[in-house]
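Take a look at the structure set out below.
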Ligand code: HEC
Ligand code: HEC
């Protein structure tokens with residue numbers, strides 16, 4: 001009953017956290033923690049231990065859920081994971097579901113952030129992530145190349161140095177949620193240049209480009225065999241309740257109909 005017990009102890013610690021002193025918050029604290037974590041020597045073995053908490057939601061494989069409620073984090077650049085963790089725990093990115101689990105009392109300090117990020121980066125990625133409807137992929141490719149490749153790479157591989165996330169192979173619904181939150185400013189740690197770039201995107205271009213991105217395959221050395229299970233967590237109990245802690249995301253807006261010119265009678 002590995003997962004259940006760690007989940008229950010997680011809840012216990014959560015209650016403790018609410019009476020503990022408030023930790024440092026804000027973009028500057030997050031920036032300092034990222035800087036520090038990037039210079040520490042990371043230990044994947046220790047990271048595995050920290051990952052027990054993360055596995056409750058992101059699953060032992062780090063693949064998240066196809067409905068996009070929980071993102072895939074497996075294979076992500078260590079620098080990106082570090083930055084997102086530091087931002088989430090300093091309240092520089094809102095994630096009320098996950099934040100209590102990132103408190104120093106729960107997951108540890110900057111060293112543990114570096115360790116768990118190294119562990120996650122080395123996990124092979126989901127070969128069956130959630131993808132979009134697949135109706136507008138040519139356009140998606142064009143939009144991607146003109147607007148995204150500069151920062152996220154030709155193949156969606158991201159840029160570790162610039163902490164630009166790898167976005168290929170991510171669940172489509174997660175991509176849509178983040179894209180919308182970045183555009184509207186709800187995701188406060190977004191890249192200012194990206195916000196400017198996507199501000200005037202039409203719904204059609206957004207859906208097309210994110211569908212295209214979700215279908216970009218991870219490279220052979222980063223992808224798992226279908227059906228792979230993380231052998232580090234042999235006793236993990238995959239009961240569905242573990243993944244129902246937040247409400248489902250709102251339903252997707254319908255795809256705008258294709259504009260077809262009516263045929264003029266000759
Ligand atoms: C209680 C559930 C829960 C737990 C436990 C949890 N997470 Fe998360 N995590 C989430 C949710 C939900 C999101 C997406 C939030 C959103 O939509 O912005 C997320 C997002 C993330 C992201 C951002 C991914 C991206 O590409 O934007 C990272 C990185 C991450 N989690 C790492 C971790 C790590 C490392 C741990 C363990 C220390 C952990 N999470 C524990 C629920 C959880
Ligand atoms: C000027 C550089 C830049 C451009 C152009 C850009 N992005 Fe980004 N994007 C970033 C950075 C940097 C982040 C991470 C910001 C942070 O949280 O630290 C990001 C985050 C994201 C995320 C959230 C991913 C995650 O795992 O949390 C998505 C999705 C995304 N970008 C998609 C796109 C798409 C699609 C385009 C093109 C239409 C695009 N971006 C254009 C730099 C850029």
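Since every read-out is calculated from the coordinates, none of them should be taken as a lab result. Since the model is a prediction, treat every value here as computed from it, not as a measurement. Here Cβ is always computed from backbone atoms with ideal geometry, including for glycine, and neighbour counts include all displayed protein chains.
Go through 165-173, 122-130, 183-191 and give me the packing order, highest mean Cβ count within 10 Å leading. Don't jump to the answer; show the numbers that get you there.
Numbers: 165-173: 24.3, 122-130: 19.1, 183-191: 14.9.
Result, highest mean Cβ count within 10 Å first: 165-173, 122-130, 183-191.
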Ranked by how many other beta carbons lie within 10 Å on average, peptides 145-154, 77-86 from highest: 77-86, 145-154
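Rounded, prolate or oblate: which fits segment 116-195, taking a ≥ b ≥ c as square roots of the Cα gyration tensor eigenvalues, rounded meaning a/c under 1.5, else prolate when a/b beats b/c?
Working: a/c = 1.39, a/b = 1.09, b/c = 1.27.
It is rounded, given that a/c, with a ≥ b ≥ c, falls under 1.5.
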Gyration tensor (alpha-carbon) shape descriptor, segment 153-217, a/c threshold 1.5: oblate
